[in-house]
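What follows is a set of notes on a single structure, which appears directly below.
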Amino acid sequence: MIIRNREDIRQAKRIVVKVGTSTITYANYSRNFTRIDHLARELSDLHNQGREIILVTSGAVAVGTDRLHLPEKPRTIPGKQAVAAVGQGILMNTYEKLFAEYGTTVAQVLLTRMEMRDRHHYINSRNTFMELLRMGVIPIVNENDTVALDDLKIGDNDNMSALVGGLADADLIIILSDIDGYYTANPATHPEARLVHTVTEITPAIEAAAGEAGSARGTGGMMTKIQAAKQAVSSGISLIIASGSEPNVITRVLQGEELGTLFLSRENRLQVRKRWLAFGAGCAGSLVVDDGCVQALQREGSCSILPAGILRVEGTFEAGNTVSVRNQAGKELARGLTHYSSDELDKIKGVRSALIEQILGSKICDEVIHRDDLVVL
C-alpha cells in the first residue's frame with residue numbers, strides 16, 4: 001500500500017520498527033529492561049492483531065561494553081567487533097525471553113552489505129524474511145558487526161531499517177530515537193527550532209538542517225535518519241521518526257496519531273531488481289553528467305545514459321558494476337549498471353555513441369547505462 005497521510009497508516013500491515021541504542025540502554029550501557037519489555041509487549045500485541053512486524057535493533061556494542069565492565073565503547077574495529085560478539089548473544093537472549101512471555105516467537109537475522117551487493121543473496125534474504133513472516137515469526141535484525149569489514153558494513157541501523165523495509169516490501173518504517181522527530185534546526189542549540197510533522201520532499205535544505213550529531217552510545221544522528229528516509233520514500237515506503245520514550249508510541253502511530261515526523265513516500269514502488277540496484281548494490285564509482293542529461297533524467301520515464309552526456313568519471317570500476325550518476329554540484333540523481341569500465345569511459349566520455357567502436361576498437365552497446373538498468377532517485 002502507499003501511505004499518503006496519517007489516516008492511511010491505520011491500514012499498514014507490514015511494519016519495520018527500528019530501535020536505537022539510546023532507546024533500549026541507559027547512559028552507562030546497561031540494558032533498560034523496562035523499555036525492552038514494553039517494546040516486546042507492544043510489538044507482540046500488534047502481532048496478535050494480524051500485523052507483520054520486523055524489528056531492527058541496535059545495542060549489541062553497548063550491551064557488550066556493559067557485560068565486559070568497560071568504561072566506554074572501544075574505538076578500534078577489532079575492539080568493537082569483540083564487544084559486539086559478546087553483546088549480540090546477550091541482547092538476543094533478552095529479546096527472546098521477553099517476547100516469549102507474550103507468546104511470540106522471534107528469530108535473529110544478521111546482515112552485512114554482502115547480502116545486499118549480490119542479487120542472488122539479496123533475493124535469498126528476501127525469501128527468508130517472507131517465510132519467517134508467513135510462519136508468524138518476528139525477525140529481529142542487526143548488522144553482523146563481528147565479521148563485517150568497512151567495505152561490507154551498512155554502517156548504521158537507520159539505513160539498515162530502510163534496506164530491510166525495501167527487502168521485505170514493508171508498508172511503513174518506524175524509527176524510534178532519543179529525539180521526537182525532525183526539527184528545522186538542532187533543538188539543543190536552537191530554541192526556536194520547530195518540529196516538522198510531515199515531509200513531502202527531502203530537499204537539500206532539509207538534509208543541511210539534519211546535522212551529524214548522534215548520542216555517545218549510538219552510531220547515527222539525524223543525518224542517518226534522513227538518509228534512511230530518502231531510501232525508504234524512493235522505494236515507495238513511508239517512514240516515521242518518533243521518540244522511543246513516548247508511551248505506546250508504535251501503537252499510537254499506527255492509530256494515526258500525529259507523533260513524530262512522517263516522510264511520505266513517492267507514488268511508485270520500485271521493482272525488486274531496481275530496488276536492489278538503487279540501495280542494495282554498493283556504488284563502485286560515479287559519473288558526473290552535463291545539464292542536458294540532468295534534464296532528461298528528471299523527465300517522466302527517465303532515460304539511458306549516453307557517453308556524450310558524461311563530463312567526468314570518478315573512481316575505478318569494471319563493466320557490470322553499479323555506479324552513481326551525479327550532477328556537477330555533486331548531487332546524486334540516479335544509480336545503474338554500467339556497460340563500460342572506468343578506463344573505457346575516460347576515453348569515450350563526451351563523444352557520440354557512433355564513435356565508441358572507433359575509439360575502443362569494439363562496442364558493447366550505444367548506452368553507458370541502459371534505462372532498464374537505471375534507477376532515478
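The values are calculated or read from the model by the stated rules, or taken from the named source; none is laboratory data. From a predicted model like this one, the values you see are computed outputs, not experimental measurements. Quick reminder, even Gly has a Cβ in these numbers, built from the backbone with ideal geometry, and neighbours come from all protein chains shown. Accessible surface is based on the protein model in full, side chains and every heavy atom, while ligands, DNA and RNA are left aside. Shrake-Rupley method; radii C 1.70, N 1.55, O 1.52, S 1.80 Å.
The figures follow:
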quantity	calculated
Heavy-atom accessible area per residue - the stretch 39-138, 1.4 Å, Å²	49
Using a Förster distance of 22 Å, the FRET efficiency for ASP290-LEU355 (Cβ separation, nearest 0.05)	0.85
For the stretch 225-377, accessible area per residue (1.4 Å probe, heavy atoms of protein chains only), Å²	43
J(HN,Hα) series, the stretch 336-348, from Karplus relation 6.51 cos²θ - 1.76 cosθ + 1.60, nearest Hz, glycine and proline x	x, 8, 8, 8, 10, 6, 4, 4, 5, 5, 4, 7, 10
³J(HN,Hα) computed for each position of the stretch 42-56 - Karplus, 6.51 cos²θ - 1.76 cosθ + 1.60, integer Hz, glycine/proline x	5, 5, 5, 5, 5, 4, 5, 7, x, 7, 9, 10, 10, 9, 9
Cα-projected label distance for ILE364 with ASN127, points at 7 Å along beta-carbon direction, nm	2.8
Centre separation in Å (Cα based) which lies between the stretch 252-267 and the stretch 55-79	32
Normalised contact order of the stretch 306-377, rounded percent, pairs of Cα under 8 Å and 6 or more residues apart	38
Simple label model, 7 Å out from Cα along Cβ direction - GLU257 to ASN5, nm	2.0
Sequence-distant residues sharing a close amide H with SER341 (under 5 Å, placed H)	ALA319
GluC sites (Glu not before Pro) within the stretch 177-207, DSSP loop, no more than 15 other Cβ atoms inside 10 Å	GLU192, GLU201
The chain: calculated mean residue ellipticity at 222 nm from DSSP helix runs of at least 4, using -39500 (n - 2.57)	-10000 deg cm²/dmol
For LEU311, distant residues with modelled amide H under 5 Å away	VAL288, VAL289, ASP290
Unit charges on C-beta of K, R, D, E only; dipole of the chain, Debye	300
Carbon/sulfur fraction of accessible area - the chain, other protein chains in place, 1.4 Å, %	47
Restricting the stretch 1-86 to chymotrypsin sites (Phe, Trp or Tyr not before Pro) in coil, as DSSP defines it, with at most 14 other Cβ within 10 Å	TYR26
Value of relative contact order over the chain, rounded to a whole percent, pairs C-alpha under 8 Å and six or more apart	16
Derived scalar couplings ³J(HN,Hα) [the stretch 15-31; Karplus, 6.51 cos²θ - 1.76 cosθ + 1.60; whole Hz; x for Gly, Pro]	10, 9, 10, 10, 10, x, 4, 5, 7, 10, 10, 8, 5, 8, 6, 7, 6
Extension gain, ALA205 back to HIS69 (0.36 nm per residue minus Cα-Cα distance, nm)	44.7 nm
Extension reserve of the ASN248-GLU96 stretch, reckoned as 0.36 nm per residue once the Cα distance is removed	52.7 nm
Sequence-distant lysines (8 or more away, or on other chains) whose Cα lies within less than 29 Å of LYS80	LYS18, LYS97, LYS153, LYS225, LYS230
Using alpha carbons only: equivalent-ellipsoid semi-axes of the stretch 15-95, gyration tensor based, whole Å	26, 12, 9
Coordinate range along principal axes, alpha carbons of the chain, Å, largest first	70, 46, 44
